[in-house]
Structures are given as structure tokens and as C-alpha cells.
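Notes follow the structure.
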Amino acid sequence: MSLISLKDIYKIYNVGGEEVRALDGVNVTIKENEYLAIMGPSGSGKSTLMNMIGCLDTPTTGLYEFEGEMVNDMDDNQLASIRNRKIGFVFQTFNLLPKATAQHNVEIPLIYGNVRRDQRKSMAAAALESVGLGDRMHHKPNELSGGQRQRVAIARALVNNPSIILADEPTGNLDSKSGREIMEIFDALHEAGNTIILVTHEDYIAAHASRTIRLFDGKIKEDFSKVA
Amino acid sequence: MFSLFIENFRISISAVLANKMRSLLTALGVVIGILAVTLMGTLISGLDKSFEKSMEFLGKDVIYIRKYEWFGDKEWWEMRNRPNIKIKHADVIRERSQYAEYVAPISEWYTSVKRADDDINGVRITGTTDTYAMISTAEIEKGRFFSKTENRSGSHVAIIGKDIADNLFENENALGETFQIGNYTFRVIGELEKQGKFLGMFSLDKQIIIPIGTHRRLFTRRGWSGINVKVDGTQLDNATEELTALMRQLRHVRPTEDDNFALNRQDPFKEQYSMIKLAIGGTGFFITVLSLVVGGIGIANIMFVTVKERTREIGTRKALGATPKMILMQFLMESITICLFGGLFGLALAWGGSLIINQYFPSEMPINLALTALGLSMLVGVISGLAPSYKAAKLDPIDALRYE
Ligand SMILES: Nc1ncnc2c1ncn2[C@@H]1O[C@H](COP(=O)(O)OP(=O)(O)OP(=O)(O)O)[C@@H](O)[C@H]1O
Ligand SMILES: [Mg+2]
């Protein structure tokens, strides 16, 4: 059974009377433990598609099934719950809370998931260990390098053991060395059985993935899987 | 849910502390509002206490026959030409009145007293009879009142108020000791308990009571006199009527003429006082409501700014699984925290203020009022935080994340 199934997804904005088709009839299915890269020129709809998959955005028309459940029918609370338990986000700009320590940042999804304090602390610590930041748990974001910040963000994304990790240009704000380190973490996560979708402009990043989708003007122009 | 509450509280505290000055300025309206309501409450509690004590001093069943009215619309210069109250009428009233239980003539004169190096100016010297002890509510703390015989014989004996005892006989037993009133030597036979100030204006303890005969011989003619009549408390109006008739007769007031004396009672004080209280309460209430409303608007405004500033944070939190209600609670909590912070600050100021008020009237900050005030500031927090928090809760996660 597929983890994610998008059918005839349209996302249409109306800007000053003009229609902008951010997604123009997209059909995709994604299976468990896939490693997918979404590519395409700027404005082609990559982020829109990503947000749709992450239940942050809703399609203008089209059907979205996540683990066999219709996302279209869900209310705000159900969407929040899916995002909390099933989806881990990694943003290009990290989006950490500046005043909170690394550990506290990683705890945030657990707080919203109503996990008990002691359990939360140990889960956050374990997630930070797994991205190699066991010794930086009590640092605040401004005391960390860009690469380290993104690793905190990854720890935060995976702490709830989600079904899928979504990363929108996760290396976009990093130098190539930090970018490589981040990609190593994604590779390891994929190796460990996680499903990963990332948006990138770089071919060498996309090369880590086993499947690549190319978008153009909101349409899927190419959907290519590496033969294992 | 508990950990979420803690988290929200943590966020609120750190947000308030991160912008201490802004939070304080924002909460200024609440600070002033809480300050106004608690200070007003303290003031009224103090006034109540002082008033009750003063009324106790006057006694609710005592009629004060005087030349001047305590209250009323008569001009003082009209009353100035009235003949003085005659001490000897006290005896007539005692004989003829049905309602009078005790009658004591009063003479008063202000002069200085001294003992060795200590002296006090402007001491109220009251001359009266032994009956005074039956009318006055002030208890003798040490010693005794003078006797009928001492009164008749014009002895130089004195019952002294607390201020006199404290100043002339510091750390000494005053009983049996002598001191000067004006140029005359008196012996202390009694000490009154502490009575405090009358309506916060003048001390009731800066007083000396001596036999009226002695008083008239040594001091009066220049001082004023009056008659205090204690009656049955339930017959106050009848007694007033009877005494008015009696006094008119004694002072030969013609039927067409107005009274040329006054029968003063405690009750007009009460009316006057409740009006003053209403005025203070009304003013305090007005200031409180006004500053809370203005403060509330300020807080709503700053909360809208906060929500705007933290749009990306809200988007991130939503992406991580915060429901609209959780976001609502977070910002509501922040607004409540600002108000609570302001409320506590206001209470601290009010506490300081109540210490100052306490110098003038014995008073205390009413605990209930303080708690109500805190509750009120929280309510302001809820009300003014509602719209901004709702706005935050309803933000579209994508728009919030894209917000620059
Ligand atoms: N809120 C919006 N209102 C109007 N148009 C929008 C809105 N959000 C996105 N769009 C439009 O939708 C299209 C797709 O945007 P999207 O952000 O998905 O592009 P992208 O592929 O992620 O680009 P980039 O590589 O620059 O991040 C763009 O043309 C954009 O202008
Ligand atoms: Mg994008």
C-alpha cells in the first residue's frame, strides 16, 4: 500500500485577477522508505507540493490520501495531529526558536504531542545524539553553526518517529561541507527505514535520492527512479 | 496538557522578560488601575476604621448641647452671637428631663502643660463632673476618675490622655505625680487608654480631664462650654425633641424665634461620611475602570504587534503540530502574564502606598481586594488578549511560514 497518494492535485492562486497555477494536475504516489528528490526551476511548485504533502496546505481541487486516510476531509485539529505525529519538517531557514536550547527545540513536537516530561527529555537527547549533537544539547541556536542548527532541526523532525521526513532545500543555506554532512544524515535515516522527500536545486544532492521528480510550471515533467 | 501549560507559561515569562521595558509600559494601564483600586480600598478601610472609632468616641446615644451646629447650613457668624451654653443648665436638665440618663457639663480650654523640661502646647483641658465617666466611651487604663467630692471641692487632680502620659511621663508611672497646667500644679489620678485621632484630624489623646469647678475657676470665661446628655439610644428623637423644648424654655427663646443653640448628634456624621465614601469609591472606581480599559486597549495593541513579529514562529509551531487552540492558549497566556505582571507591580506599589496611608489612619490593604484586583488584571489580560490570540490561532500555516 502506498504511503502517499495525490490525485489530480491543483493549487490555483488568484493574484490581481490573474490565475496562477502553482500545481497544475499533479498525480504522485509515494511508498514507504522511498528517498525522493523534487527538482525544478524556481516557481515551478516544488514548495507548494511539499507543503501539500506535509498537510500544511490544502489543494484547490484533487484528492490526497495519507496512510489510507483522506486528508481533504480533515479539520484543523486532525491536520495538526497528522503533522505532529506523522510528518517531520526540515526548513531551508532552520526555523528554530532562538531563545530555546537545542534540546528544548527538539522537545517542541513532543510537547504538542503531550509526551511526559522525563520521556520527552530522553527522546530529545537521543534524537540529538543520533545527529551527532550529543554535546551541544544545552546550546542556543545562536551558539551553533549553520550546519549544527540544521542538524538540530533534523533531530526535531525525527524525534516523534514520523512516517515521513520532508526537507525543503535543507542545504540551501549551508556551505558544501555542512551540506554533505546533512546529506549523510539523510542517507543514514533512509538506511534506517525512514521515508524521505527533499526539494533541491542541486543535482549532486538529488543524486542521493533513489527517485527524482521534476516539476515545470506546476506539472510533473519527469518522474525517474534509479534502478537499485 | 499540563506540560503544554508549563511550556506556554515558560514562553510567556521569557517573552515578558525579553521585553521588560515594553511589557512594563504596556502594562502601565493595568498597574495604575490596580494601584487605584487597591489604594482606594485601603483608604476606605482606613477611613472606616477611623470613622468607627471616632463615632464610638462620640457615642450613638449622646446628645451634645452646644452653641455651634456641627453640621448644617447656618453661617458661623450667625451662631457667633448666640449666648453661651450655661453650665448650670446641666442641673436643670438632670432634674426635669425624662429621657436624660446622665448629664455632664463640659468646659474646654486649650493651654500648655509642662513637667520639668518637657512641655506640650495646645493641650485640650476638659472640665467636667464625675458623671462624665458614665457618658464617655474612653476607658480609664490606669488609676481612676475623680470622685464627686473631689469635683465639689475643686481639687487639682487630673486624668491624662495617652499623648500626655507618653510625653511627660515617659517610662514612668504617672499616677500620683504632679505637673503644671498653665501655672497651676495638678496631680495625676488616672490615665486614659489610647483613642487615636478624631476622623484623622486631631488627637483625642492630647487631652486632660479635670473637675469642672477647678476648670472654671482657673481657666474659663474665655473657653467654650456645653452639656453632654446620655439618653436611651432607642429614644434619641424623643429625647432631642424634649431637650429642645427644655433648652428653648431655659434660654427664653420666643416661639417665633429660631433655636439659639444646637443639639448635636452622631448621625449627621454618618450621612456625611457615606457621601465622602461614595465620592472616594466613585472616583477610585472611575480611575480604575478608565485605566483598565485604556490599559486593555494598549495590551491588545502590543499583542497584535507580538503576533505579527512572531508570525514565522507561529507557522513553525503549526508545522510541528500545534493546534489552533494551542496557539490561542499560548498568546492568551502571554497577555495574561503581562497583565499579571502589571497587576503584581501595581499591588507592590499599592502596598507601599498603604504603608503611607497607614501613617495617617490605621489601615490595611484588604487581602480580598488585592486578590480581586489580581483576578481583575487577569480578566483584562484575557479580554485584551482574545482578539490577537484568535488572529494567531487562525493564521494559515503556509502564510505564516512564508511571512518575511
Ligand atoms: N500565496 C500565494 N499567492 C499567490 N501565488 C503563490 C502563493 N504561493 C505560491 N505562489 C505561486 O506559486 C508558484 C509556485 O511557488 P513555489 O513556492 O511552490 O515554488 P518553488 O518551486 O518552491 O520555487 P523556489 O525554487 O523558488 O522555492 C509560484 O509561481 C508562486 O508565485
Ligand atoms: Mg520553494
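Under the combined filter of DSSP loop state and at most 16 neighbouring Cβ atoms within 10 Å, the stretch B:86-120 retains these trypsin sites (Lys or Arg not before Pro): B:86, B:88.
The residue list B:341, B:226, B:129 was ranked by how far each Cα lies along the charge dipole of chain B toward its positive end, using unit charges on Cβ atoms, and B:341 comes out on top.
Taken residue by residue and averaged, Cβ atoms of other chains lying within 10 Å of the Cβ of B:13-20 number 1.
Distance from the Cα centroid of the stretch A:24-90 to that of the stretch B:144-192 is 98 Å (rounded to whole angstrom). Taking the helices alone, chain A has a mean residue ellipticity at 222 nm of -10000 deg cm²/dmol, built from -39,500 (n - 2.57) per DSSP H run of at least 4 residues and averaged over all its residues. Amide hydrogen proximity for residue B:264: with H placed 1.01 Å from N in the peptide plane, the residues at 5 or more positions away or on another chain lying under 5 Å are B:64, B:65, B:66. If you sort the three axes of the alpha carbon gyration tensor as a ≥ b ≥ c, you get a/c of 1.5 or more for the stretch B:69-140 and a/b no higher than b/c, which makes it oblate.
Report, as an integer, the average count of C-beta atoms from other chains found within 10 Å of each Cβ along B:392-398.
Details: counts 0, 1, 1, 0, 3, 9, 8.
If you average over the peptide's residues, the count of other-chain Cβ atoms is 3.
Dividing the mean sequence gap of close Cα pairs (under 8 Å, 6+ apart) by how many residues the stretch B:61-265 holds gives a relative contact order of 35 percent.
The amide H of residue A:34, built 1.01 Å from its N in the peptide plane, has A:196 as neighbours under 5 Å, considering only residues 5 or more places off or on other chains.
Taking every DSSP beta bridge that has both residues in the protein assembly as shown, what percent is antiparallel when rounded to the nearest 5? DSSP beta bridges in the protein assembly as shown are roughly 70 percent antiparallel. For the protein assembly as shown, the dipole from Cβ point charges (+1 on Lys and Arg, -1 on Asp and Glu) about the Cα centre works out to 1520 debye, to the nearest 20. Element breakdown for chain B at a 1.4 angstrom probe: carbon and sulfur atoms account for 58% of the accessible area.
Taking every alpha-carbon pair under 8 Å whose residues sit at least 6 apart, the stretch A:78-228 reaches a relative contact order of 26 percent. For chain A, a Kirkwood radius taken over Cα pairs fed into Stokes-Einstein (10 °C, viscosity 1.306 mPa s) yields D = 88 µm²/s.
Residue by residue, the stretch B:174-189 carries 3J(HN,Hα) couplings of 6, 4, x, 7, 10, 7, 9, 10, x, 9, 9, 8, 10, 10, 7, 10 Hz when phi is fed to the Karplus relation 6.51 cos²θ - 1.76 cosθ + 1.60 (θ = phi - 60°); x denotes Gly or Pro. In summary, the convex hull built on the alpha carbon positions of the protein assembly as shown has an orientation-averaged projected area of 44.7 nm². Per-residue Cβ counts within 10 Å, from other chains only, averaged over B:320-330: what number is that? Mean shielding count: 6.
Over chain A, what is the percentage of antiparallel beta bridges among all DSSP beta bridges, to the nearest 5? Could the numbers behind the result be given before it?
Details: 23 of 40 bridges.
Percentage antiparallel, nearest 5: 60.
Phi-derived couplings, Karplus 6.51 cos²θ - 1.76 cosθ + 1.60 at θ = phi - 60°, listed residue by residue for the stretch B:327-336: 5, 4, 5, 4, 7, 4, 4, 5, 5, 5 Hz, with x used for Gly and Pro.
For chain A, the dipole from Cβ point charges (+1 on Lys and Arg, -1 on Asp and Glu) about the Cα centre works out to 620 debye, to the nearest 20. Its Cα centre serving as origin, chain B has a Cβ charge dipole (Lys and Arg +1, Asp and Glu -1) of approximately 600 debye.
Report, in degrees rounded to the nearest 10, the 0 to 90 angle that the Cα long axis of helix A:117-130 makes with the longest principal axis of chain A. Value to nearest ten degrees: 80. Averaging 1/r over each pair of different alpha-carbon atoms in chain B and inverting the result gives 26.0 Å, the Kirkwood hydrodynamic radius. Since only B:164, B:62, B:253 are under comparison, the one whose Cα sits farthest along the positive direction of the charge dipole of the protein assembly as shown, derived from C-beta charges on Lys, Arg, Asp and Glu, is B:253. Protection proxy ranking, highest mean first, for peptides A:114-126, B:249-261, A:22-34: A:22-34, A:114-126, B:249-261, where packing is the per-residue count of other beta-carbon atoms within 10 Å, averaged. Rounded to the nearest whole Hz, the Karplus-based 3J(HN,Hα) values (6.51 cos²θ - 1.76 cosθ + 1.60, θ = phi - 60°) of the stretch B:237-242 follow the sequence 5, 4, 4, 4, 4, 4, with x at glycine and proline. Among beta bridges identified by DSSP and lying wholly in the stretch B:61-265, the antiparallel ones come to about 80 percent. Accessible area per residue for chain B, computed on protein heavy atoms with a 1.4 Å probe, is 50 Å². Scoring B:343-350, B:303-310, A:96-103 by mean Cβ neighbours within 10 Å over their residues and listing the highest first yields B:343-350, A:96-103, B:303-310.
When the convex hull of the Cα atoms of the stretch B:61-265 is projected onto a plane and the area is averaged over all directions, what value comes out in nm²? Please list the in-between numbers first.
Details: hull surface 48.6 nm².
Mean shadow area of the hull around the Cα atoms is 12.1 nm².
Taking the helices alone, chain B has a mean residue ellipticity at 222 nm of -18500 deg cm²/dmol, built from -39,500 (n - 2.57) per DSSP H run of at least 4 residues and averaged over all its residues. Between B:274, B:326, A:78, the Cα set farthest toward the positive side of the dipole of the protein assembly as shown (charges on each charged residue's Cβ, about the Cα centre) is that of B:274. Shape class of the stretch B:144-296 from the alpha-carbon gyration tensor: oblate, with a/c at 1.5 or above and b/c at least as large as a/b.
Its relative contact order, with pairs defined as Cα atoms under 8 Å and 6+ residues apart, puts chain B at 29 percent. For the pair residue B:149 and residue B:386 in one chain, pulling the backbone fully straight at 0.36 nm per residue adds 77.4 nm over the alpha carbon distance.
Below 9 angstrom from the Cβ of residue B:102, what's the summed charge of the other residues (Lys, Arg +1; Asp, Glu -1)?
Values: positive: B:94, B:230; negative: B:101.
Neighbour charge sum, excluding residue B:102 itself: +1.
Here's how it looks for residue B:224: its modeled amide H is under 5 Å from those of B:108, which are all 5 or more places away or on a different chain.
Taking N as the number of residues in the stretch A:154-221, what value does Rg over Cα atoms divided by 2.2 N^0.38 Å take? Display every interim value, and only then the final one.
Details: Rg = 12.4 Å, N = 68, 2.2 N^0.38 = 10.9 Å.
Scaled against compact globular proteins, the figure is 1.13.
Rounded if a/c is under 1.5, else prolate if a/b beats b/c, else oblate: with a ≥ b ≥ c from the C-alpha gyration tensor eigenvalues square-rooted, which is the stretch A:172-211? It comes out oblate by the Cα gyration axes.
Pairing the Cα long axis of helix A:102-112 with the longest principal axis of chain A, what angle in degrees results, from 0 to 90 and rounded to the nearest 10? It works out to around 60 degrees.
What is the local net charge at residue B:167, summed over the other residues whose Cβ is closer than 15 Å to its Cβ (Lys, Arg +1; Asp, Glu -1)? For residues surrounding residue B:167, the net value is -4. To the nearest ten degrees, helix B:28-58 and the longest principal axis of the Cα atoms of chain B are 20 degrees apart.
The values are calculated or read from the model by the stated rules, or taken from the named source; none is laboratory data. These numbers were taken from a predicted model, which means no experiment stands behind them. A quick note on method: Cβ atoms are made from the backbone with ideal geometry, for glycine too, and the neighbour counts reach across all protein chains shown. What goes into the accessible areas is simple: the full protein's heavy atoms, side chains included, and nothing from ligands, DNA or RNA. Shrake-Rupley method; radii C 1.70, N 1.55, O 1.52, S 1.80 Å.
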